[in-house]
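Heads up, the thing below is written out as structure tokens.
The values are calculated or read from the model by the stated rules, or taken from the named source; none is laboratory data. Keep in mind that what you see is a predicted model, and the values were worked out from it rather than measured. Ideal geometry is used to build each Cβ from the backbone, glycine not excepted, and the neighbour counts take in all protein chains shown.
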Amino acid sequence: MSADLDLLIARFRWPIAATRWWAMQELAALLLSPETQEEVSKQLLAELARCRLEAETVELICIFWMAANQGYKPPSDLVSALTHPSLLAALLLRDIKLDLRKGPSPPLEMAPDDFDVPARFRDMHGMDIPRIYFTRLTQLERDTGLPFVRQCAFEWSRTEGAYPRAPLQGDLDYFVRPLGDGATGGFASRTMLRMLTAYQRTLDVARVFWGAPERFLLPLVVEALPFDPTLAFLRPTRPSWLPNLGEKVTADAAISVEGFIRSMSDSLSATQPGAVLLALVSPTCVNSHEIVELSIVRWRQWGSTAIDASQLGARFHDRQERWDYGVCNAPIWGLKTSVPAHTLEDVLDHETNAAPMAAVYGFSRIGYLQRDLYPSRLYYPVTTGRGQLAVEPTDGELRISAAQGPMAMASYWNAGWSPAHPNGMSGLCGTALVQTSDSRQAQSEPPPDGHFYLWRTTRLKRSNNYEPFVLDEPVYGVVRP
């Protein structure tokens, strides 16, 4: 086991976000196994003692947290193994009934008056590091008049020598450069970990020196989590009912896509009688010259108004981008996420007298290791005339429940291996939302006269291996069951 475990922990240190998340899940699963529990726990505690950054410490504690939420009892010496405690580490440990009383290491101190913010610190936001952290600090500075940005830059500078032999952890451009200009990816390099560490320590400075209450800081500090707790246990599993993907799925636009949808619906019905697909989005073809993505959403319609698929699709896409269907709300901490409910009038497309049965919602929290799922991979049901829906992890998937009980399941899988992708799409993974029971319609609403699937294909192309990908106009269509 030792060599395999060493290899898995090495994967856990990779700067590739999806690989790190997967490795955390695998290590948590090994903690749950009686055969491997002792060896894995010992190795992870040794890794904790070797941590050089608070963000590294949080990632390791997250492994124990994931296992503890599945019945594992953390070792008694977990807290004593920490060499870089933080407010976020304390929150995770508190959730698994452990008390962290250690202070930050090295001790907190205010940025000197003569400290100048390095230009590199400002430039890396939006490139090596998501801009959200700099945005938060700027807002805090504007609202309070306190030097949050300068303090964070000071903390970031203090960790400059954390990894003197490999501060950049390899050349991440190796993955992005082949895609040409305008590419992005899900990375979590040492530069990112240094920023997350500086962000956490800055909030701790606000608590210790500036008197900021913990209840004010917690919603901010959880933004440095590697995952959204609701999505932490989501395992990449391709549904057994999903037909093979590939170039043929979208080769002949309407004809081939309609055939795929009908074949998929038949396969789902045979595998799960009574289940209905509400939404699916996935790359269908990924190669060095072309990436094709297919999204499918089920709608209900009243009357028989003719549908212009392109116009309906454009309106639907625009509403989702504006978060018109609401924002998924989650508590500061916890496994459950709430999906808002609507009136029929809220979600009705008046030109077609139809309403979507699933949509991409806005989000209030995101894990930096789960960026491939955003902004357009997570579909949840659209319900009307009922209360909020609850989203919770269940057996590697997401269970969506109404007040009457479970109504849908969401799953995800990897559709192509690459940490990088063009800016015109989310990561190279797919998701599916399947209705398992009917909980969408209030009794006061008239039953729909019919249903249809609105599909969209997005195609990015280039003529050689060095040009950037160019996004074609999306193609829309409608398929009636």
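Each residue in the stretch 366-409 was checked for being under 30 Å from Leu196 (Cα atoms) and among the small types (Gly, Ala, Ser), and 4 of them qualify.
The helices (runs of 4 or more DSSP H) falling completely within the stretch 108-180 that include 3 or more residues that are over 27 Å from the mean Cα position of the chain (by Cα) map to 132-144, 148-158. Restricting attention to the stretch 181-224 and to residues that are touching a helix residue (DSSP H, G or I) at 6+ places or on another chain (Cβ under 7 Å) and outside any helix (DSSP H, G or I), the residue that is nearest to Gln151 (Cα to Cα) turns out to be Ala212. The set of residues in the stretch 271-325 that are in a loop (DSSP other than H, G, I, E, B) and among the basic types (Lys, Arg) contains only Arg322.
Here Val292 meets each of (1) touching a residue at least 40 places away in the same chain (Cβ under 8 Å); (2) surrounded by fewer than 17 Cβ atoms within 10 Å (Cβ to Cβ); (3) of a type outside the set (Gly, Ala, Ser) with one exception, condition (2).
Evaluate the following for Leu193: is it more than 30 Å from Val58 (Cα to Cα) and hydrophobic (A, V, I, L, M, F, W, C)? So Leu193 does not fit the description; no. Evaluate the stretch 301-314: report whether one residue or more is aromatic (Phe, Trp, Tyr) and surrounded by 18 or more Cβ atoms within 10 Å (Cβ to Cβ). Among the residues of the stretch 301-314, not one is aromatic (Phe, Trp, Tyr) and surrounded by 18 or more Cβ atoms within 10 Å (Cβ to Cβ), which makes the answer no. Every listed requirement among (1) without any contact (Cβ under 8 Å) to a residue 12 or more places away in the chain; (2) closer than 27 Å to Pro106 by Cβ; (3) surrounded by fewer than 14 Cβ atoms within 10 Å (Cβ to Cβ) is met by Thr138 save one, (3). In the set Tyr412, Tyr380, Tyr368, only one residue is in the same structural domain as Val297 (by TED's automatic domain parsing), in a strand (DSSP E or B) and under 26 Å from Ala67 (Cβ atoms); that residue is Tyr412.
Checking Ala330, Ala358, Ala314 one by one, the residue that is touching a Phe, Trp or Tyr at 6+ places or on another chain (Cβ under 6 Å) and outside the structural domain of Trp14 (by TED's automatic domain parsing) is Ala358 and no other.
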